[in-house]
Amino acid sequence: MPGGDRREGRCLCGAVGFEFALPTLFCGHCHCSMCRRSHGAAYVTWVGVARAGFRWLRGADALIRYPSSDHGTRSFCGRCGSSLLFESTRRPEVVDVVLANVEGRIDRPPQLHVHFDDRADWTLVGDALPRLGGPTGMEPLD
Ligand SMILES: [Zn+2]
Ligand SMILES: [Zn+2]
């Protein structure tokens, strides 16, 4: 049951649902070209959660998973196309969830921008959050 220590989320059509436990581990905006392309958006806001506290509630039969890089796997709803998860073999204990699909507020606001130097040149960012980039996408740019 969802409570104060859990959050639920779902895809656009509702076929796929999931839940995860708080506290979350991080929350940030990713400007990498793969996120941009897979979401059709300027950038994607991810929230990292502990794999041990994540579970699918429904829709396992609608879920499509595919390798998007040598270490990453992305999951989306095969019915409506909503992007749902990013998982990396570099961080096997963490699941990255698309914040936009989560119901209600989580326990932290977005904290930073990653892969900022890979951003689309039509993306204007006006906040004062740290902007990271470089080969890993997570190094200081200044
Ligand atoms: Zn769906
Ligand atoms: Zn990305």
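The values are calculated or read from the model by the stated rules, or taken from the named source; none is laboratory data. What you see is a predicted model, and the numbers here were worked out from it, not measured in a lab. Ideal geometry is used to build each Cβ from the backbone, glycine not excepted, and the neighbour counts take in all protein chains shown.
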Original post:
Does any residue of segment 95-103 turn out to be more than 16 Å from ligand 1 (Cβ to nearest atom) and part of a loop (DSSP other than H, G, I, E, B)?
Top reply: no
Original post:
Considering Arg55, Arg6, Arg74, Arg37, which residue is modelled with pLDDT of 95 or more, basic (Lys, Arg) and within 16 Å of ligand 1 (Cβ to nearest atom)?
Top reply: Arg74
Original post:
Taking Pro67 and the conditions (1) within 16 Å of ligand 2 (Cβ to nearest atom); (2) crowded, with 17+ Cβ neighbours inside 10 Å, which numbered condition does it fall short on, given that it satisfies the others?
Top reply: (2)
**OP:** Would you mention how many residues in segment 33-64 are among the acidic types (Asp, Glu) and surrounded by 13 or more Cβ atoms within 10 Å (Cβ to Cβ)?
**Re:** 0
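Conditions (1) touching a Gly at 6+ places or on another chain (Cβ under 7 Å); (2) exposed (fewer than 15 other Cβ atoms within 10 Å of the Cβ); (3) at pLDDT 95 or above, marked per residue:
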| residue | (1), (2), (3) |
| --- | --- |
| Ser83 | no, no, yes |
| Phe86 | yes, no, yes |
| Asp96 | yes, no, yes |
| Glu103 | yes, yes, yes |
| Gln111 | yes, yes, yes |
| Val114 | yes, no, yes |
| Ala128 | no, yes, yes |
| Asp142 | no, yes, no |
Original post:
Inside segment 26-56, can you point out the residues that are more than 16 Å from ligand 2 (Cβ to nearest atom) and either of a type outside the set (Val, Ile, Thr) or more than 23 Å from Gly78 (Cβ to Cβ) (or both)?
Top reply: Ala50, Arg51, Ala52, Gly53, Phe54, Arg55, Trp56
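So which residues in segment 67-98 are closer than 16 Å to Cys11 by Cβ and of a type outside the set (A, V, I, L, M)?
Restricting attention to segment 67-98, the residues satisfying the condition of being closer than 16 Å to Cys11 by Cβ are 74-86, 95-98.
Listed by number, the residues that qualify are Arg74, Ser75, Phe76, Cys77, Gly78, Arg79, Cys80, Gly81, Ser82, Ser83, Phe86, Asp96.
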